[in-house]
Amino acid sequence: MGRANALLVGLAVGALIALSFSCVVLTGLWNTTPSAAGPLSNPALTVSAMASATALSDSDESSSDQSSSDPSGSDSQQPDTSGADPATLGNGATPQPRSAQQDLDLDLGAVAAGAEFGVAVWDRRTSGMVVDHHAEATFTSASLVKLLIALEALDHASPETARIRQMLSASDDAIASALWTKYGSTAIVTRWAQRLQLADTRPPKSPGRWGDTLVSARDVVLVYRYILEQASASTRQLILGALTRFTAAGSDGFSQEFGLAGLAGSTPVAVKQGWACCLPDRVLHTSGVAGADDRFIVVVLSSRAQSVGWPMARKQVNAMVSALRPVLVEQR
C-alpha cells in the first residue's frame, strides 16, 4: 500500500512538470507571432532575423553590382568616360587635362581637314618652338627652295643681286632655273642640308626640277634662323628686304596674297610663298618672319589632292594661319 501511494505521488508530480513545460512552449510560440512591435517581438529571434536579413541584403546588392556594373569592376560612381576624348585619358579612367600643344593640335587638325599640313613656329625671343604640328613631315618645296638658291648665289658673291631680289620677291622661276644650273643644281641642296643640318631636306630626283626638293617645316625654320642669326649682314638685308617687298602676284601671275601675307599691315612680315601642281598633289606653302624685331619664324606647308582647286587650297592655308594668330599674340 505504501509503495502504491508513492507511485501515484510520483506520477502526479511528473504530470505537473509536463504540463508546466507545455505552457512555457506555447507561450514562446505565441510571442513569435507578428505584433505592432515589429515582425518579430522575441528579442533573440529579432537579432537573429536582422542578421540574416542584413546578410541577404548584402548578398543581393553584391549580385546586382556584379550583373549590372561595368565588367571591368570599376565603381559606378566614377566619372563616365565612355565618350571622353582619348587624348584626355591617362592610364586609368580619370580624365587628364590636355596640354596646350594637344589642344593646338586638335584645333589645327580640325582646320586641316581635307589637306595635309606641316606647321612650325619658332619664337626667337625665347629660342623655342611654340608650335610643332607635324613639323617633321616632308613636302615638295615648290619655290621655298629659292631661299637655298639665293644663299648659294650670295655665298659665291654673285653680282646678280637685282636678279636674286626679283627671284625672291616675285618668285621668278626663270631666274631660279638659271641660278640653279649656274651654282650646282642638286649640289646646292646637298651642301646646305649638310651645312645647316637639315634632317629632312633632300634634293630632287630629277636634277632639273628644283621645285621637287623635299623639305619639312622644321628644316625651313632652320634656314630662316641661319638667315637671321648667322648670315652676313649684306646677305640678311638682301633676302629679308626682298621678302618684305613681295609682289602681289608672282612672275607667273599667281597671287601671292595668302597665308602670312594676310598679316601684312597688322604686324611686320617678310614672306616667301610656294605653289605647285600636280606631281601628284597640289601644294601651297607660306613661310616667313613676323612680328616686331623679326620675333617669329612661321612655316606652313600643305598639300591636298590635285582635284582640290586653288581657291579651296587658299582657304585652307588662310584658315591655318588664322588659327596661329592667338599663339603669336599670346607670346608677345
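What number of residues within the range 187-197 satisfy the criterion of being under 21 Å from L240 (Cα atoms) and either surrounded by fewer than 16 Cβ atoms within 10 Å (Cβ to Cβ) or out of contact with any Ser or Thr (no Cβ under 8 Å at 6 or more places or on another chain) (or both)?
Step one: list which residues in the range 187-197 are under 21 Å from L240 (Cα atoms), which gives 188-189, 192-193, 195-196.
Still in the running and either surrounded by fewer than 16 Cβ atoms within 10 Å (Cβ to Cβ) or out of contact with any Ser or Thr (no Cβ under 8 Å at 6 or more places or on another chain) (or both): 188, 195-196.
Within the range 187-197, residues that are under 21 Å from L240 (Cα atoms) and either surrounded by fewer than 16 Cβ atoms within 10 Å (Cβ to Cβ) or out of contact with any Ser or Thr (no Cβ under 8 Å at 6 or more places or on another chain) (or both) number 3.
Whether a residue is among the aromatic types (F, W, Y), surrounded by fewer than 23 Cβ atoms within 10 Å (Cβ to Cβ), more than 26 Å from the chain's Cα centre (by Cα) and over 15 Å from V121 (Cβ atoms) was assessed, and W310 passes this test.
Filtered by the rule that a residue be more than 20 Å from A157 (Cβ to Cβ) and either of a type in the set (F, W, Y) or part of a loop (DSSP other than H, G, I, E, B) (or both), the range 215-233 gives a lone residue, Y224.
So for the range 81-95 (the condition being surrounded by fewer than 16 Cβ atoms within 10 Å (Cβ to Cβ), polar (S, T, N, Q) and modelled with pLDDT of 60 or more), does at least one residue qualify? No, the conditions are met nowhere in the range 81-95. The numbered conditions (1) farther than 20 Å from G288 by Cα; (2) in a loop (DSSP other than H, G, I, E, B) are all true for R125 except (1).
Filtering the range 190-206 to residues that are free of Cβ contacts under 8 Å to residues at least 12 places away in the same chain and either under 16 Å from A135 (Cβ atoms) or not in a helix (DSSP H, G or I) (or both) leaves K205, S206.
The residue that is surrounded by the fewest Cβ atoms within 10 Å (Cβ to Cβ), counting only those in the range 139-154 that are closer than 14 Å to S287 by Cβ, out of contact with any Lys or Arg (no Cβ under 8 Å at 6 or more places or on another chain) and among the hydrophobic types (A, V, I, L, M, F, W, C), is A142. Here L279 meets each of (1) free of Cβ contacts under 8 Å to residues at least 40 places away in the same chain; (2) out of contact with any Pro (no Cβ under 8 Å at 6 or more places or on another chain); (3) surrounded by fewer than 19 Cβ atoms within 10 Å (Cβ to Cβ) with one exception, condition (1). Residue check: A110 meets all listed conditions (1) over 17 Å from I239 (Cα atoms); (2) out of contact with any helix residue (DSSP H, G or I) (no Cβ under 8 Å at 6 or more places or on another chain); (3) surrounded by fewer than 21 Cβ atoms within 10 Å (Cβ to Cβ); (4) touching a residue at least 24 places away in the same chain (Cβ under 8 Å) but one, namely (4). For the range 166-186, state whether one or more residues are touching a residue at least 24 places away in the same chain (Cβ under 8 Å), buried (at least 20 other Cβ atoms within 10 Å of the Cβ), at positive phi and not in a helix (DSSP H, G or I). Yes; the residues of the range 166-186 include at least one that is touching a residue at least 24 places away in the same chain (Cβ under 8 Å), buried (at least 20 other Cβ atoms within 10 Å of the Cβ), at positive phi and not in a helix (DSSP H, G or I).
The values are calculated or read from the model by the stated rules, or taken from the named source; none is laboratory data. Keep in mind it's a predicted model, so treat the numbers as computed, not measured. Here Cβ is always computed from backbone atoms with ideal geometry, including for glycine, and neighbour counts include all displayed protein chains.
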